[in-house]
1. Quick check: anything in region 78-93 touching a strand residue (DSSP E or B) at 6+ places or on another chain (Cβ under 8 Å), open to solvent by 40 Å² or more (accessible area, probe 1.4 Å) and among the small types (Gly, Ala, Ser)?
2. Give all pairs with beta carbons closer than 6 Å in which a residue from region 137-162 that is within 16 Å of residue 102 (Cβ to Cβ) meets a residue that is polar (S, T, N, Q) and assigned to a loop (DSSP other than H, G, I, E, B); count only pairs at least 6 apart in sequence or on separate chains.
3. Which count do you get for residues in region 233-266 that are more than 28 Å from the chain's Cα centre (by Cα) and either open to solvent by less than 90 Å² (accessible area, probe 1.4 Å) or free of Cβ contacts under 8 Å to residues at least 12 places away in the same chain (or both)?
4. Take the residues in region 89-112 that are modelled with pLDDT of 95 or more and charged (D, E, K, R), then tell me which one is farthest from the chain's Cα centre (by Cα).
5. Please name all residue pairs, on different chains or six or more residues apart, with Cβ atoms under 6 Å, provided the first residue is in region 67-82 and is within 13 Å of residue 108 (Cα to Cα) and the second residue is open to solvent by 60 Å² or more (accessible area, probe 1.4 Å).
6. Can you name every residue in region 227-284 that is aliphatic (A, V, I, L, M), assigned to a loop (DSSP other than H, G, I, E, B) and modelled with pLDDT of 80 or more?
7. Can you pull out every residue in region 116-145 that is within 15 Å of the chain's Cα centre (by Cα), surrounded by fewer than 23 Cβ atoms within 10 Å (Cβ to Cβ), in a loop (DSSP other than H, G, I, E, B) and modelled with pLDDT of 90 or more?
Amino acid sequence: MKLNGALAGALLSFLARAEATRVRGGKASAIDISSVGDLLEPMEPRQLQTADFGQLTCNAALADAVCTPLPADFAGVVPCGVCYSMSDFGGARAGETLTMASGLNVIGRLDFPDGSKVTIETPSVFVQGILSMSSTRAVTGEPDVRIRMTGDTDVNFTPEGENAGACSGGACNVGPKAFVVAGGQLDINGMPDSCPTWSRIKDTDSSEGIPTPTDFPTQPDLPTSSSGSVCSASLVTENFEGGLNSWHGNLGAYESIQEGSHDGSRYLSITERSFYHPGPLFDI
């Protein structure tokens, strides 16, 4: 399992072993996973499965499968070995809200290509195949893809194919508002593939001595126009000409847009601060 970048993962629970999970970039660039109603108390730790989950053999050729537009009568289940694309939601169906009362169960592949704009309301998301999302646009605070987790009752997850025996009794109780990756792959890409990501912290093994800071890898240089691709070093750029755009004062501070900065443009003003740290805040 690999995690690159940032994602609001409070609502993501990984059941047993996911085949792979890749997340790059901030979720607010395109994708928002949120809860309708109050967030519930965490479930008590417990063993949900009696065996590991693995990749389904019916998905062996899934990487080469041709994706077709999501059917108009889609009820929430992507069949094994089949790929559905949300491409229509970047065009004629952009901005629609899909309600999947029985949950979203991705047994095959469900792909959200760059530019997809849709809201999905569902009590659960199960990924047994591949769920992929991609966005390369700038962060604005208004995500294009929203997954709104609904309901407050426990949900049962029934694995497919050779994973059918992984849950005792045939099904696992995964609780309410469950986002489960079981033997599948979650691939959320919020940055172009040509833009590198990195970690400033590296695991070390003290048995071979304590490494010095010079032994650590350095931050990579971002590609420039001379190398054929451009990666912005700025995650958020804002001129406030369109209003606050999700900016607000932190810890009770008051926010407002004012006119007449040094170059005559608008600017964000934060007042009524009770301490030094309640400054401007942008939620990504």
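1. Taking region 78-93 as the starting set, the residues that turn out to be touching a strand residue (DSSP E or B) at 6+ places or on another chain (Cβ under 8 Å) are 78, 82-89, 93.
Those still in the list that are open to solvent by 40 Å² or more (accessible area, probe 1.4 Å) too: 82, 87-88, 93.
From what's left, among the small types (Gly, Ala, Ser): 87.
Yes, there is a match, as at least one residue in region 78-93 is touching a strand residue (DSSP E or B) at 6+ places or on another chain (Cβ under 8 Å), open to solvent by 40 Å² or more (accessible area, probe 1.4 Å) and among the small types (Gly, Ala, Ser).
2. The qualifying pairs are 160/128.
3. Residues of region 233-266 that are more than 28 Å from the chain's Cα centre (by Cα), as a first pass: 241, 252-266.
Cutting the leftovers down to either open to solvent by less than 90 Å² (accessible area, probe 1.4 Å) or free of Cβ contacts under 8 Å to residues at least 12 places away in the same chain (or both) gives us 252-253, 255-266.
Matching residues across region 233-266 total 14.
4. Selected residue: 109.
5. Pairs found: 76/102; 80/58; 81/58.
6. Restricting attention to region 227-284, the residues satisfying the condition of being aliphatic (A, V, I, L, M) are 230, 233, 235-236, 244, 251, 253, 257, 268, 270, 281, 284.
Imposing the further condition that a residue be assigned to a loop (DSSP other than H, G, I, E, B) reduces the set to 230, 233, 235-236, 244, 251, 253, 284.
Passing the criteria: 244, 251, 253.
7. 117
Let's see how each residue does on (1) polar (S, T, N, Q); (2) in contact with a Leu (Cβ under 9 Å, 6 or more places away or on another chain):
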| residue | (1), (2) |
| --- | --- |
| 79 | no, no |
| 84 | no, yes |
| 93 | no, yes |
| 97 | yes, no |
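The values are calculated or read from the model by the stated rules, or taken from the named source; none is laboratory data. Just so we're clear, the structure is a prediction, and the values are computed from it rather than from any experiment. A quick note on method: Cβ atoms are made from the backbone with ideal geometry, for glycine too, and the neighbour counts reach across all protein chains shown. Please note that ligands, DNA and RNA were not included when accessible areas were found on the heavy atoms of the full protein model with its side chains. Shrake-Rupley method; radii C 1.70, N 1.55, O 1.52, S 1.80 Å.
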